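Here the structure comes first, spelled out in structure tokens, and everything after it is commentary.
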Amino acid sequence: MNQSPDGEVKLVTQLDRRWLRLTVIAWALIAAWIVFDRWGAIHWLALSDTDDNMRLMQVRALLAGQGWYDLRQYRMDPPAGFDIHWSRIVDLPIAGLILALKPFVGTAMAERLACGIAPLLPLSVTMGGLAFTVRRLVSPVAWPLALIFLMMCTATMLMFMPERIDHHGWQLASLSLTVAGLADPRRRRGGAIVGLASAFSLSIGLEMLPYAAGAGAIIALRWIWDRTEADRVAVYGITLAGGSALGYALFASYANAVPRCDALTPVWLSVMIEAGALLLILARLDPASRALRLGLAVAAGGVIVTAFALVFPQCLGRPEQVSPELARNWLDNVREAKPIYEHPFRNAFPIAALPVIGIIGALFATWRARATDRFTAWAAVLLFTLFAGGMLLWAARAGPAAQLLAVPGAVALAWVILPWCLGHRSVIVRVFGTVGGFLLVSGSFAGFAIKYLPIDRPTARTKTVNRAGSVCPSIPALAPLDRLPAQTIFTFVDLGPRLITVTHHSAIAGPYHRNGAAILDVQHAFSGSADQFRAIARRHGATLLLTCPNMAESTVYRARHPGGFYDRLARGETPDWLEPIALPRRSPLRLWRIR
């Protein structure tokens, strides 16, 4: 039965007026399904990434009484430990969930549930930001399509899955609010949203610093083009500087109180305060001449860059400030830090498809809005989408952000293509055209197509390495280690964070640049001679050696250092000072006592 015109009007009115409430309901239903679908990972505390394991250890330390500003991990390279460059912001919802659930289910299950639920919290903010943006730029009733497209952003949604408790989800939520602020027609509110979202993201970590800088540049360009944007610039400058100062005061650790380059330390705090103050001055001056506004903005940018270069010359290179050897052996080889075009096509294509579509859609929407009051907002979103797509050419880790920012442009395309298909007189176009159009503009066609392309298929060796990487860090594999007294275990860098999370033992190193000296010690120990390994292990107080044959890191030691300690150990040449310790028969691990 066809719906009456009055019924259609009522539905449209409800979608428009109750968009936020309905978005929250949609989030709750989606979150409930994800928890159900991923219950196995929650039950087994499957924190597959090293950062997620270290985040849980940071939360545990906080709940055990470690100081608010003390972010040192004392079970990594004990007894001194090493500093983590993160802040406590992301710890708070995880810790809050654990405390709330602990009286009902006990500590262990409370941790599992908290790690399952916490990543879904920023998803609600992300959905709200995208819905707001699409309502303003496409149609008041187009926001459900934005939520559907977000669910198909595979790289983005991985950051919100249960057990993905590190900071990426919250920074993507900040990015969603940033684009919402750029699209907001209410200038002061939009400027405040962008400024606070940028400050919040920077207080978590510097991963989104390029996007924060890009958003600030876009706001300045809007003012240069249209001087009525002065209020947006002024409020943005105030909230960026004030929010960054507040974030630093509340969350910067003791280790970040010195001028380091890898976090919101006095280095970047001074930059944000300087940038905010200069933007406020520019907005107050607000000359009538567009050329003069451009000149003042360029001069302000020059002042910021010059001051940074003169005062903090140590930060002109890579922010991690690692040694050339560590950069060569480790940091330069991190897969997600490589450009998207250096990744296998099978991996790169599904990530890059939607950003390309989003750029096309944003271009199309900006052109269509050229004579309307939405032009400047669409132009801002277009610039941001182009910037995010360009970031993929720098590092594949930009994929989640690029997909997220592509959604408004993709919805703009869908809002034209899908109604045309649905209204076509041909039933073939109405059915197959609509389905095909949806698959195309949502980018989901890439995931389907890649399954049937006979390229870049995983080799048997790759499958073996992947299996070892998933089985060795599992709780069933590591749990038998707790039968031994707590001690320091010498193991792979990538296994260290997981080891200290699921056992009572300590490790030497984790893949964190402030742990650089210990990382090099592990690398030298496994790649050098047996005597060198023994000396390094003794210096770190390690009494056990744990390995996982075929784990990715082990293949590096064997391939690059044939005849080294690990290569010989893997071939069965065991020094007499290593005593084998029996593990369960099917254990993927190998354990020795270092005498």
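Figures for the structure shown
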{"quantity": "Computed label-point distance, nm, for sites E579 and Y254 using a 7 Å Cα→Cβ extension", "calculated": "3.8 nm"}
{"quantity": "Cα gyration tensor category, rounded, prolate or oblate, for segment 133-282 with a/c compared to 1.5", "calculated": "oblate"}
{"quantity": "Order by protection proxy (mean Cβ within 10 Å, highest first), peptides 264-271, 485-492", "calculated": "264-271, 485-492"}
{"quantity": "Simple Cβ-charge dipole of segment 416-519, Lys/Arg +1 and Asp/Glu -1, about Cα centre, in debye nearest 20", "calculated": "320 debye"}
{"quantity": "Dipole magnitude of the chain, debye to nearest 20 (Cβ charges: Lys/Arg +1, Asp/Glu -1, about Cα centre)", "calculated": "880 debye"}
{"quantity": "3J(HN,Hα) from dihedral phi, segment 552-567, Karplus parametrisation 6.51/-1.76/1.60, rounded to Hz, x for glycine, proline", "calculated": "3, 5, 5, 5, 5, 5, 6, 6, 8, 9, x, x, x, 4, 5, 4"}
{"quantity": "Selection from P419, L569, T547 lying farthest towards where the dipole of the chain points positive, charges on Cβ", "calculated": "P419"}
{"quantity": "Relative contact order (percent, whole number), the chain, Cα cutoff 8 Å, 6+ residue spacing", "calculated": "14 percent"}
{"quantity": "Radius of gyration, Dmax [segment 292-422; alpha carbons; angstrom]", "calculated": "19.5, 60"}
{"quantity": "The chain - mean residue ellipticity at 222 nm from DSSP helices (-39,500 (n - 2.57) per run, n ≥ 4, rounded to 500)", "calculated": "-20000 deg cm²/dmol"}
{"quantity": "Accessible surface, 1.4 Å probe, highest first, among residues W68, W420, W592", "calculated": "W420, W68, W592"}
{"quantity": "1.4 Å probe accessible area per residue over the chain, in Å²", "calculated": "45 Å²"}
{"quantity": "Under 5 Å, built H, 5+ apart or other chain: amide partners of S506", "calculated": "Q487, T488, I489"}
{"quantity": "Those lysines that a straight Cα-Cα span of less than 22 Å connects to K451, excepting residues fewer than 8 apart in one chain", "calculated": "K463"}
{"quantity": "Neighbour net charge for M127 - beta-carbon separation under 13 angstrom, K R +1, D E -1", "calculated": "+2"}
{"quantity": "Label-point separation, T543 to E207 (7 Å along Cα→Cβ), nm", "calculated": "3.7 nm"}
{"quantity": "Order of exposure, largest accessible area first, which applies to K102, K463 with probe 1.4 Å", "calculated": "K463, K102"}
{"quantity": "Cα gyration tensor category, rounded, prolate or oblate, for segment 383-453 with a/c compared to 1.5", "calculated": "oblate"}
{"quantity": "Ordering of 493-500, 402-409, 551-558 by burial proxy (mean other Cβ atoms within 10 Å per residue, highest first)", "calculated": "402-409, 493-500, 551-558"}
{"quantity": "Inter-label distance for S426 and W68, nm, one decimal - labels placed 7 Å from Cα along Cα-to-Cβ", "calculated": "6.6 nm"}
{"quantity": "Fraction of the pair-distance distribution of segment 222-310 above 23 Å, Cα-Cα pairs, percent", "calculated": "31 percent"}
{"quantity": "Tilt relative to the chain, helix 209-225 - C-alpha long axis, 0 to 90 degrees, to 10", "calculated": "20 degrees"}
{"quantity": "Shape metrics for the chain, restricted to C-alpha atoms - Rg then Dmax, Å", "calculated": "26.1, 86"}
{"quantity": "Taking the C-alpha atoms of segment 63-116, convex hull volume expressed per residue in Å³", "calculated": "98 Å³"}
{"quantity": "Hz values of 3J(HN,Hα) by residue in segment 79-89 - Karplus curve (6.51, -1.76, 1.60), Gly and Pro given as x", "calculated": "x, 6, x, 8, 7, 9, 7, 7, 10, 8, 4"}
{"quantity": "When the convex hull of its Cα atoms is projected in every direction, mean area for segment 1-143 (nm²)", "calculated": "12.8 nm²"}
{"quantity": "Environment charge at D482 (Cβ cut-off 15 Å; Lys +1, Arg +1, Asp -1, Glu -1)", "calculated": "+3"}
{"quantity": "Positive-end residue of I148, T491, P93, charge dipole of the chain with Cβ unit charges", "calculated": "I148"}
{"quantity": "Hz values of 3J(HN,Hα) by residue in segment 525-533 - Karplus curve (6.51, -1.76, 1.60), Gly and Pro given as x", "calculated": "5, 6, 9, x, 7, 5, 5, 5, 4"}
{"quantity": "Share of alpha-carbon pairs per 10 Å distance bin for segment 461-516, given as whole %", "calculated": "23, 50, 24, 3"}
{"quantity": "Cα gyration tensor shape of segment 487-595, rounded if a/c is under 1.5, else prolate or oblate by comparing a/b with b/c", "calculated": "rounded"}
{"quantity": "Distance histogram for segment 517-556 (every C-alpha pair counted, 10 angstrom bins, percent rounded to whole numbers)", "calculated": "27, 59, 14"}
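The values are calculated or read from the model by the stated rules, or taken from the named source; none is laboratory data. No experiment lies behind these values; they were computed from the predicted model shown. Backbone-built Cβ (ideal geometry, glycine too); neighbour counts: all protein chains shown. The protein model used for the area step is the full one, side chains on, heavy atoms only, and it has no ligands, DNA or RNA in it. Shrake-Rupley method; radii C 1.70, N 1.55, O 1.52, S 1.80 Å.
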